[in-house]
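In what follows, a structure is listed as structure tokens, so that the remarks can point back to it.
A short reminder: the numbers here are calculations on the coordinates, not readings from a lab. Computed from a predicted model, the values in this text were never measured in an experiment. Using ideal geometry, Cβ is built from the backbone for each residue, glycine included, and neighbour counts are taken over all protein chains shown.
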Amino acid sequence: MTASLTATAALVRQVGGPFTIESISVAAPREHEVRVRMVGVGMCHTDLVARDGFPVPMPIVLGHEGSGVVESVGSAVKTIKPGDHVVLSFNSCSSCPSCDDTQPAYCYNFLANNFAGVRPADGTTALSQDGTQIAGNFFGQSSFGSYAVAHERNTVVIDKDLPLEIMGPLGCGIQTGAGAAINSIKLKKGQSLAIFGGGAVGLSALLGARAIDAGTIIVVEPNEGRGKLALELGATHVINPKATPDVLAKIKELSGGGVNHALDTTGIPAVIGVAVETMLPNGMLGLIAVPPPEAMLPANMMSMLIRGVGVKYITEGDADPKTFIPQMAAWFKAGKFPFDRLITKFKFSEINEAAHASEKGGAIKPVMVF
């Protein structure tokens, strides 16, 4: 039996508190689990939301964009072996109607499997400190540590010639944006797209759209640096809303009357109200960001009726990580998906600096390297 290991992890001990680097014990993997030596891990907005009050038990080890090398596997694991290079993604139950239909992003037990801080089956975790259990299993991984225990179903093997330390964000943020464009709103080759927000998710949507050879892509983003990067990554046009009195009119002008589909990554109702109106008949607006709790859709129903347009809220880019992560990795190797342009590296010990850079816009996608 593989023994427990000592790991260095970043704990959050109180709501809104800092990440504190501490030593913990990481137990051996159970039957269907894998233990991974972490090489890199991304900082996602959801980590910060959980740190700042989304209900998770504390103290907890967060982190859910991990990449690393498999150290050991449970007795029933069949598809992963020690030494494999892996990306860790969101967890799912594998047995509900959504999971049976290969739609794990809409797992009926998503909250329990990703936010409960414990194994849903028995309330335990693989993490402890001085004999006291530490909340873990965040997104089935808790990868803000030098070792993490994940599950066979949310561990994805990747080729060993890929740059492992930066691959973790394919498990959530990059997957969410690219998947939103490709899987969720079903953007097709040659079609046009408006993306509201040029952060990690919005720019990943741009990368996904370019990977499938979409047509006109308009990014609406007030940050000039991010707007410049969007153009370098293949955006046809960038609109700065602070310098554009009528964003809707500008989009219609640039696209020849409207776009086929749109994505909002801001969660701002007024922005969503504009996005609904940008679309041509039979368009779909994908919503990705977390809105204010009281927010309502500011859409004109008659306008939507006349055009037959729809609105869809999106989780994890409607992706099945087992197939979509290898697809993105293949695009990256082929030079069609340069997500590395979004990444700023930090040492793992600089996790609080990485969090600050993420919050203040100093880094699009921070990745902590062990």
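General observations
- In plain terms, the C-alpha convex hull of the chain casts an average shadow of 17.6 nm² when viewed from every direction.
- Using a Förster distance of 22 Å, the FRET efficiency for Lys312-Asn223 (Cβ separation, nearest 0.05): 0.25
- Inter-part distance where region 322-361 and region 116-189 are each reduced to a Cα centre, Å: 14
- Both numbers refer to the Cα atoms of region 271-312; Rg and Dmax are 10.4, 30 Å.
- Convex hull volume of the C-alpha atoms in region 177-315, normalised per residue: 95 Å³.
- Note on the chain: dipole from Cβ charges, positive end direction compared against Ile174, Ser67, Phe110; the farthest Cα belongs to Ile174.
- Cα pair distances in region 233-346, grouped into 5 Å bins until the bin that holds the longest one, percent each: 2, 10, 15, 18, 19, 16, 12, 6, 2, 0
- In terms of the mean number of neighbouring beta-carbon atoms within 10 Å, the peptides 266-272, 24-30 order highest first as 24-30, 266-272.
- Residue order, fewest to most beta carbons within 10 Å, for Arg341, Arg153, Arg307, Arg35: Arg341, Arg307, Arg153, Arg35
- Within region 66-118, the chymotrypsin sites (Phe, Trp or Tyr not before Pro) that combine a DSSP coil assignment with at most 15 other C-beta atoms in a 10 angstrom radius are Tyr108.
- Each of His151, His32, His45 was scored by other Cβ atoms within 10 Å of its Cβ. Arranged with the fewest first, they read His32, His45, His151.
- Listed by Cβ neighbour count within 10 Å, with the fewest neighbours leading, Met38, Met301 appear as Met301, Met38.
- Between Asp159 and Val290, the simple label model (points 7 Å from Cα in the Cβ direction) yields a spacing of 3.6 nm.
- Take the Cβ atoms of Asp100 and Asp122, set R0 to 25 Å, and the FRET efficiency comes out at 0.60.
- Calculated FRET value between Lys242 and Val369, using beta carbons and R₀ = 45 Å, to 0.05: 0.85
- Point-to-point label distance, Thr8-Lys81, nm (Cα→Cβ direction, 7 Å offset): 3.2
- Annotated for region 177-315: lysine pairs at least 8 residues apart or interchain, Cα distance under 27 Å, count 20.
- Stretch gain in nm, segment Leu111-Asn352, where the contour uses 0.36 nm per residue and the Cα spacing is subtracted: 84.2 nm
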